[in-house]
Amino acid sequence: MLSGISFTLITVVILALTFDFINGFHDTANSIATSVSTRVLTPRAAIIMAASLNFLGALMSEKVAKTISKGLVNGSLEQYVIISALIAAITWNLITWYYGIPSSSSHALIGGLIGSSIVYAWSIEKVIWTGVWSKVIFPLITSPVIGFLFGLIIMSLLFKLLASLSQQIVNRWFSKLQILSAAFMAYTHGNNDAQKSMGIITLALVSSGLLSNESGVPTWVKIACAVAMALGTSVGGWKIIKTMGVNMIRLQPIGGFAAETAAAAVIESATYFGAPVSTTHVISTSIMGVGAAKRLSAVRWALARNIVWAWVLTIPITASIGALCTMIFKAFIQ
């Protein structure tokens, strides 16, 4: 087995864990932005909780990892193709983190993989388009919409049920309940997002002949990805936390609870079906739904529009970066 371990395979593993680490601090806001902005948790306490539950969630399932490793691309790939996909995803994550834009790490990786695979084979048939549609594009479109509707519905119901209570009592109750919803959100983030790196490492192991295509995700891969994401989460990502939890709408604890509960329910459902959805998309639209339940003007729609543009551009841009990197590698190798 050791004879099959190449420098390029080691590079894939290192880059995948780097992506997972960056995903952790890039998407920390998904789990804790609302809890921090409502002052239910301090940034330090929120990050520690999110890191711990991201780690736990990352160990719980491998359905999403299997989608990434064998549901999007036909056959095996050269390791430099997977390296190109990871470079594309890491580059886009760092750019959007720098500008405080909550984009999708998941779709950055998938876009990079699609673009690099097409150039590698010089054919669109290398991509399993039915899998891309059913597991990526369809959830990409529907999950944010469902997140918005769930946030809107849950917040509207809470307004009606608690209308007779004072704001002070509501804040006191939901300051505690929001800790639970934030914990649920952190768990689902780890359960869905960490599996993308697991899937890409598994794809590399299969392509190198070290793992059969029918094998599951090796235990060491699960643990390594869980640790990388937890460490990344512990670093935090204040720029995106500020964008989502402070700049988008002004939240009270009850609104934070509604947004996190709605988003976590959608993400956990997607994970059950093996769909690598964007936790960023879902929590962002859930927050918008919560704001819209109060009044449409409560949401800063100009900021929301910028976020949507980042969503739309993520796959085309990362596919282009992945394709360019693959071209460069092919030029040097051939």
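Readers should treat all values here as calculations from the given coordinates under stated rules, not as data from a laboratory. The shown structure was predicted, so the numbers you read here are calculated from the model rather than taken from an experiment. We place every Cβ from the backbone using ideal geometry, glycine too, and count neighbours over all the protein chains shown.
Site pair Thr219 and Tyr272 shows an inter-label distance of 2.8 nm when each label is modelled 7 Å from Cα along Cα→Cβ. Each Cα pair under 8 Å and six or more residues apart adds its separation to the average, and for the chain the resulting relative contact order is 39 percent.
Once a ≥ b ≥ c are taken as the square roots of the eigenvalues of the Cα gyration tensor of the range 118-247, is the result rounded (a/c under 1.5), prolate (a/b larger than b/c) or oblate (a/b not larger than b/c)? Prolate shape, in that a/c is at least 1.5 and a/b is the bigger ratio. Normalised by the number of residues in the range 14-155, the mean separation of alpha-carbon contacts (under 8 Å, six or more apart) gives a relative contact order of 26 percent. Helical runs assigned H by DSSP (4 residues or longer) give the chain a calculated mean residue ellipticity at 222 nm of -25500 deg cm²/dmol, each run adding -39500 (n - 2.57) before division by the residue total. Considering only chymotrypsin sites (Phe, Trp or Tyr not before Pro) in DSSP loops that have at most 16 other Cβ atoms within 10 Å, the longest stretch of the chain without any of them is 123-272. Projecting the Cα atoms of Asn171, Ile47, Ala259 onto the charge dipole of the chain, computed from C-beta unit charges around the Cα centre, puts Asn171 farthest toward the positive end. Taken about its Cα centre, the chain carries a charge dipole of roughly 1000 debye when the Cβ of each Lys and Arg holds +1 and the Cβ of each Asp and Glu holds -1. Principal-axis analysis of the Cα atoms of the chain puts helix 79-98 at an angle of about 30° to the longest axis. Remark: spin-label model distance Arg44-Glu125 equals 6.0 nm, labels positioned 7 Å along the Cα→Cβ axis. Solvent-free Debye calculation, one equal scatterer per alpha-carbon of the chain: log10 I(q)/I(0) at 0.07, 0.08, 0.13, 0.15 Å⁻¹ equals -0.27, -0.35, -0.86, -1.11.
Each of Met155, Leu86, Phe329 was scored by the projection of its Cα onto the charge dipole of the range 2-333, and the greatest displacement toward the positive side belongs to Met155; charges sit on the C-beta of Lys, Arg, Asp and Glu. Farthest toward the positive end of the dipole of the range 2-333, out of Ala226, Ile146, Val73, is the Cα of Ile146, where the dipole comes from beta carbon charges about the Cα centre.
Here r is the Cβ-Cβ distance between Val312 and Leu165 and R0 is 41 Å; the resulting FRET efficiency, rounded to 0.05, is 0.50. Normalising the average separation of contacting C-alpha pairs (under 8 angstrom, six or more residues apart) by the number of residues puts the relative contact order of the range 64-114 at 45 percent. The H on the amide N of Val73, modeled in the peptide plane, is under 5 Å from the matching H of Ile128, each at least 5 residues off or on a different chain. The angle between the Cα long axis of helix 301-333 and the longest principal axis of the Cα atoms of the chain comes to about 10 degrees, rounded to the nearest 10. Helix 7-26 and the longest principal axis of the Cα set of the chain meet at an angle near 10°.
Classify the range 110-158 as rounded, prolate or oblate, taking a ≥ b ≥ c as the square roots of the eigenvalues of its Cα gyration tensor: rounded when a/c is under 1.5, otherwise prolate if a/b is larger than b/c and oblate if not. Note, shape of the range 110-158 comes out prolate.
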